[in-house]
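Let me give you the structure first, and then I'll get to my questions.
Readers should treat all values here as calculations from the given coordinates under stated rules, not as data from a laboratory. Note that the structure is a prediction, hence the values are computed from the model and not measured. We place every Cβ from the backbone using ideal geometry, glycine too, and count neighbours over all the protein chains shown.
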Amino acid sequence: MFAKLETLPAPLLELVSEANGAARAIPPLFPLSASVAVNPFLGQSDEPLAVSAARLARVAGARIMPERAVWAEKFSAGEILESDLAAALRSARFGRLTLAEVVAAVETQAAQPEALPTVADLAAEVSGVDWPGLIEDRIGVWAASHFDEGQALWQPGRTGGAFSAWREFASRDLTPEIHGLTGFGAFVAATNRSHWRAIGRASEALGLSTAASGTAFHRWLMTLGGWAQYARYLLWQAELEGATDNTVTELLAIRMVFDEALMGLYGAQIADRWAKAVAAHEVPVTPTRDMAIDAVWQEASERAAQRRLAETLEGGAAAIRQERPAVQAAFCIDVRSEVFRRALEAQDAGIETIGFAGFFGLASAHRAVGSDVVETRGPVLLRPGVQSQAVEPGEVDLGRRYTARAGRAWGRFKLAAVSSFAFVEATGPVYAGKLVRDALGLGKVAKADPAPQLDPAIGPEARVAMARTVLGAMSLTSGFARVVMVAGHGADVTNNPHESALQCGACGGYAGDVNARLLAGLLNDAGVREGLRAEGVEIPADTVFLAALHHTTTDRVTLFDQDLPSGDWAADIARLRAWLEQAGQLARAERAARLPRAKGGADIARRAQDWAELRPEWGLAGCRAFVAAPRHRTEGTGLAGQAFLHSYDWRRDEGFGVLELILTAPVVVASWISLQYYGSTVAPVLFGGGNKLLHNVVGGIGVLEGNGGAPRPGLPWQSVHDGEGFQHEALRLSVVIEAPRAPMTDVLRRHPGVRALFDNGWLHLIAMDDTGKLAWRYDSDLTWVPFAPEAQEDRAIAAE
Amino acid sequence: MWYLYLPLLSPLLLLAVVVQARRTPGLRPGRLPKLAESAALAGFAVAVVAALFLVLNGPGTSGLIGIWGIGLSVRLDAVSATMLVLVSFIGWIVLRYSATYMDGEARQGAFTGGMAAILAAVLLLVMSGNLVQMLAAWTATSLVLGRLLLFYPERTTAQRAARKKAVVARLSEVALAGAVMLLIAAYGTTDIATILDTATPGWATLAAAALLALAAALASAQFPVHGWLTEVMEAPTPVSALLHAGVINAGGFLLIRMADVMLTAPGVMAVLVMLGGLTALFGGLVMLTQPAVKTSLAWSTIAQMAFMIMQCGLALFPLALLHIVAHSLYKAHAFLSAGEAVRNVAAIRRPGPVAVPSARNVVQAFVIGIAIYGLVGLVIGFDGKSVQAIALGVILIFGVAYLLAQGFADAAPGALTRRMVIYASVTSVSYFVLQLVALHLTAGTLPPVPAPGPLEWALIVLALISFGVVAVAQATFPLWAMHPAAAGIRVHLSNGLYANAIFDRLLDGWSKRTPA
């Protein structure tokens, strides 16, 4: 923090660069107040799965693929075919394996990965003291206070950044000394105030070479769990703002100071073994044979799923609509929309649905009523493009704030040292009523905010341009129905720290109502429509855009018809309401079948209100495919809530700008979601959110599992597992796009970050042809191969 | 007097659930969770009916089901009826919650059985008519609790906490056993009511009172053996809720139940005041620094139990009982709704910055707080009230003053000031009304407060000064908290002054166990 980099000696600069690299190997952990799914392999996206498996084995001792038994079962059930394995083997890059070897291996156990030891691990072995646990505890106690967003009334000082704040803490904390780390306080006080120099000194004391430092740093950061990831989030946010942040490497320095001190204490006994660990860190990361085999099986299981998807889609393909639809309903691409869209379309032939990223192209820095806090209602990959605010009269706003402030003062009264006794004696009995209310689920539902409004500073031309872009991206520039419903989505859950994980990921972990209402307001604006006409987009005068919120927990839809301009749509809206009600019943019945203890559709609303319910809905569990094509390609096909559906018509996409947008934004967001579920399923200890029964919210930002330690990233066990089996199958996402291959190749060439995801198999890309068949598979390095060569050969033979 | 046996029905129903749970200990144990909820609800109904009989027919002790003074007997009076209604109500809420919450757990059946068992044990404890039953139920409660705390036996942190808890629990059982034996020897009976009626000062009674106080302090997680309570978030949330709302009260209940015995030993009572007062302030201050919601709640429990122990030490047994009831209801709700912490923390910052009161505002707030106290006292009446109760009222008014101080901050708008004054007044009135209710309901059951002697006066003044200092420090907090000296104090406080670390070290709590 203090030393300018240029003043550091050259060898230290190399370590700095390695440390910064290790920081980027860590995925960010967004605070739970507005969390979004994060790809836990974000730092590994430029290497294939087998290499990441080797890396994470070395630095965390974790397996990142399903157990072999899972594949063995699918293989014997005929879900994975030998042809899938053979195809996967052809694209495999490691191990020179034969098909027979791969098949045989699935019956054996893969070697359990083991992390390289830290100094603390070695010290624990020779001393019998649980040093890794103690270090985790000590750093946890400090970090929980340091990153606290407002749980504790007495906040610590934070000046000078993490390392400086920790030095203040650790030089006074007597706990390590009580447990035998003699003189640790003085040792900390004697560290350099620059965390870079502290890293340099510790590296020297530990005999760490630059070559070894990459994975050694990564290893230490992994021992910090969610703290390192939260720090990585701070870096992510800083970089979005064009700034930078050193918290990750400061945490690394903190962790290294502990190992440096332990080396001083136990050096004589562990120096040899530590030197061996350093030597092992110097060896480049290479997958073992087991890992190479596992990667083939993983790939094969994904190809098998794609094969089934191709069969499912082949059965579908509705006719292209000719007449004007009665209602167009745009939903988020979220997999939960698929169930509801299907149910809604079944209500009437005049209903057309559209899939689009749920922030509807308006990433907004939004302020809710009575709030000074700016919420980023948009994908975390982007900086918000507009500002908005829920506007209400000044008096109402003030009243709301006074109520909130009085509530806050009451909250402090409740928690403060002496007043908490008065609070309990005077108001404790009131809680008997609250207990009954909550036990019976009688809580009130919050009222909707007034309509959000775009920052008045955004001029008319900018508004028209925004509207034009969004309509183009939705492939909706003509053929408007009388009512176009724009439905964001949100989850209604109670007493759930992971609430934001069930909200709209494209809206930054909030519900999508604000964005939907902003877009509807924009497109209902007469001036904007005037401007659009000049751009060649003619919205009929009798068309109205109606914002809505799809409640994913209950499959109800709230219509914001109070936002509408005056006009004669009452009958249309009443009819739409009836359809939505019917569709909701269908969708609830379909989802109830998957939820434990749900006795049917009617049970679902109650569960959303239940404060003890850990599985109010399954969120996006089960997601495995992303389809960007006109809706008629998938209409009428049951995709079981497993597919992101993006409406896209390449024939209307001049210059393929929309294609580029889809591949670089919604596809990337979907990959983060898919890989978060993947990580939480295959490596629940490393990347999963832990056991909800033990969750202990820390600092308002994360959850501890039990007493202390580090916050748990990812999805809780109960969000992917129903007690008997996984609700999510660990498959990396298959992206199916109906578009010619050349423009897709072009987009990938221009976006190396996106290309890396496809090249390394974190995502699969499949091109759909003009007949709606899955025709081509992207085969890395900007090349394509036929999707199902065997099938084509078979057909050719049959034709002969 | 058949109705005196009625309360036994509640533990009986719950024990039937325990038997059923042994048959289906595993995943999705069929109707067991609903059965447990129904049994707890029925237990609550039984407690309410028993309380009605108490109102109609007055207190009494049932005959003994057993021989030689050993066996089951029910003492039904204001103390036990209150505890029965409270514990069975919390039990119903928690078992209802668990039925949904624990779904999908591999050992849900065993868990349900354990919860039913501990609930039955606590109910048997609070209805005890004789000392042997009390000791047995006391021991059973902590044994079952130990098993529930190790619901995930593989978790190292759970093992560490459970070990500490076990050491403390065994000590408290030995202390209680000693007290029970002394009392039986001295009074020649196991019947609690008889002992209370005939309690007279003497060396055996004094020693028994000291042991009772020790058992209670150990069970209530008082300094310096509080550590285990801050670490048992290693068990599922319903265990914490039941522990903090139903089980941890056992210590306080013991003191209230044996009030007449305790009153014969003023020296022991004085120690309780000092220990309770110290732990209350200590726990309250440490709580301020805790960034994790359940941990903060655990420190709050330590402080609240300490405050209750202090009330017992001041011979304010009715108020201690009120405190147990109020705290249990609040804490059960706080634990069960701990998942709302993310929303709650996010809500704090929405309405803008907090108005910081100046030193002048704080003085204002204390003056007005005491004025409100005087006013309410004049209306409801100070006469007949003990010095101890009035002093306690002053301590609570210090708390209300903190509420006022926030409204009086110069930056606070008038509307906020008005609201704070209303809140403060309502809080004060509610407090005094509840106090009157508690005194009224327990009159005749619990002994009146004796007039304070010099020792009591000294303790009262000491308590007033120390709580007053902390209250002022709390109210002026933003003015000094960022000072470097405060930062040092914060480090030591956030670590609970290392009492727990030293306890760990003594027990070798951080030794690395090689996985079997």
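At a Förster radius of 25 Å, what calculated FRET efficiency corresponds to the Cβ-Cβ distance of A:Arg594 and B:Glu154, to the nearest 0.05?
0.25
Express the Stokes-Einstein translational diffusion coefficient of the protein assembly as shown in µm² s⁻¹, to the nearest whole number, given a Kirkwood radius over alpha-carbon pairs, 20 °C and a viscosity of 1.002 mPa s.
64
Let me ask something else. Count, for each residue of B:395-404, the Cβ atoms from other chains sitting within 10 Å of its Cβ, then give me the mean as a whole number.
6
Using 0.36 nm per residue of separation minus the Cα-Cα distance, give me the extension gain between A:Glu654 and A:Ser209 in nm, one decimal.
Length gained, A:Glu654 through A:Ser209: 154.9 nm.
Obtain the nm distance between the two label points defined at A:Ala534 and A:Thr783 by a simple spin-label model: each point lies 7 Å from its Cα along the Cα-to-C-beta direction.
Label at A:Ala534, label at A:Thr783, 5.1 nm between them.
Using just the C-alpha positions of the stretch A:230-309 as equal point scatterers, what log10 of I(q)/I(0) does the Debye formula give at each q in 0.15 1/Å?
Those come out to -0.89, one per q.
Still on this structure, please answer the following. For the stretch B:155-337, with equal point scatterers placed on the C-alpha atoms only and solvent neglected, what are the log10 I(q)/I(0) values from the Debye formula at q = 0.10, 0.11, 0.18 1/Å, to two decimals?
-0.38, -0.46, -1.12
I've got another one for you. In sequence order, what are the phi-derived ³J(HN,Hα) couplings for the stretch A:693-707 according to the Karplus relation 6.51 cos²θ - 1.76 cosθ + 1.60 with θ = phi - 60°, rounded to whole Hz, with x for glycine and proline?
Residue by residue, the stretch A:693-707 yields 5, 10, 5, 9, 5, 10, x, x, 10, x, 10, 8, 9, x, 5 Hz.
To the nearest 0.05, what FRET efficiency results for A:Ala271 and A:Arg90 with a Förster distance of 51 Å applied to their C-beta separation?
The computed FRET efficiency comes out at 0.60.
Could I ask something else about it? Residue-wise, which Karplus ³J(HN,Hα) couplings in Hz belong to the stretch A:48-61, taking 6.51 cos²θ - 1.76 cosθ + 1.60, θ = phi - 60°, and x for glycine or proline?
Running phi through 6.51 cos²θ - 1.76 cosθ + 1.60 with θ = phi - 60° gives x, 3, 4, 6, 4, 4, 5, 5, 6, 5, 5, 8, 9, x Hz.
Just checking the output field for A:487-497: average partner chain Cβ neighbours within 10 Å of each residue's Cβ?
Mean inter-chain Cβ contacts per residue within 10 Å come to 2.
Then there's this: Under the rule of at least 5 residues apart or a separate chain, name every residue whose amide H is placed under 5 Å from the amide H of B:Ile65.
B:Leu72, B:Ser73
OK, next. Which lysines, if any, have their Cα less than 24 Å from the Cα of A:Lys447, not counting same-chain residues under 8 positions apart?
Output for A:Lys447: A:Lys434.
I need the peptides A:595-605, A:397-407 ranked by packing, meaning the mean over residues of other C-beta atoms within 10 angstrom, with the highest value on top.
Going by the mean number of other Cβ atoms within 10 Å, highest first, we get A:397-407, A:595-605.
Non-local amide H neighbours of A:Phe644 (under 5 Å, H modeled in plane, Pro and chain starts lacking H): which ones?
Here the answer is A:Arg624, A:Ala625, A:Phe626, A:Val627, since their amide H atoms fall under 5 Å of that of A:Phe644.
OK, next. Taking a quarter of the surface of the convex hull around the Cα atoms of chain B, what do you get in nm²?
If I average the Cα hull's projected area over directions, I get 25.7 nm².
For A:Gly702, which sequence-distant residues (separation of 5 or more, or a different chain) have an amide H within less than 5 Å of its own amide H, given hydrogens modelled in the peptide plane?
A:Leu32
Right, here's the next one. If you take the beta carbon distance between A:Asp372 and A:Arg321 as r and set R0 to 41 Å, what does 1/(1 + (r/R0)^6) give as a FRET efficiency, to the nearest 0.05?
After rounding, the FRET efficiency stands at 0.30.
Sorting check: for A:329-337, A:46-54, which peptide has the highest mean count of neighbouring beta carbons within 10 Å, and how do the rest follow?
Ranking the peptides A:329-337, A:46-54 by packing returns A:329-337, A:46-54.
Would you compute, for the Cα atoms of the stretch A:650-800, the largest minus smallest coordinate along each principal axis and list the three values in descending order, in whole Å?
67, 38, 26
May I pose another question? Using only DSSP helix segments of four residues or longer, with each worth -39500 (n - 2.57), what per-residue ellipticity at 222 nm results for chain B after dividing by its residue count and rounding to 500?
Computed mean residue ellipticity for chain B: -24000 deg cm²/dmol.
Please list B:250-261, A:425-436 highest first by mean number of surrounding beta-carbon atoms within 10 Å per residue.
Going by the mean number of other Cβ atoms within 10 Å, highest first, we get B:250-261, A:425-436.
Could you sort out which of A:Lys692/B:Lys294; B:Lys34/B:Lys331; A:Lys414/B:Lys385 sit more than 19 Å apart by Cα distance in this structure?
The pairs that break the limit, which is 19 Å between Cα atoms, are B:Lys34/B:Lys331; A:Lys414/B:Lys385.
Now for a separate question. Using only DSSP helix segments of four residues or longer, with each worth -39500 (n - 2.57), what per-residue ellipticity at 222 nm results for chain A after dividing by its residue count and rounding to 500?
So the helix-based figure for chain A works out to -15000 deg cm²/dmol.
Further question: I want to make sure I understand the PRE zone here: with the label point 7 angstrom from the Cα of B:Ala371 toward its beta carbon, which residues in the stretch B:417-433 have backbone N atoms less than 12 Å away?
Answer for this model: none.
³J(HN,Hα) across the stretch B:274-284 via Karplus (A = 6.51, B = -1.76, C = 1.60, θ = phi - 60°), whole Hz, x for Gly/Pro?
5, 5, x, x, 4, 5, 4, 5, 4, x, x
Where does the stretch B:291-336 land on Rg/Rh, using Cα atoms and the Kirkwood Rh?
My calculation puts Rg/Rh at 1.04.
I've got another one for you. How big is D, in µm² s⁻¹, for the stretch B:1-122 by Stokes-Einstein at 25 °C and 0.890 mPa s if Rh is the Kirkwood radius over C-alpha pairs?
Using the Kirkwood radius from Cα pairs, D works out to 165 µm²/s.
Okay, moving on. So what are the three principal axis dimensions of the stretch B:353-475 from its Cα atoms, in whole Å, longest to shortest?
For the stretch B:353-475, the Cα extents along the three principal axes come out at 50, 28, 21 Å.
Oh, and also: Just tell me how shielded B:469-476 is by partners: mean number of partner chain Cβ atoms within 10 Å of each residue's Cβ, no decimals.
3
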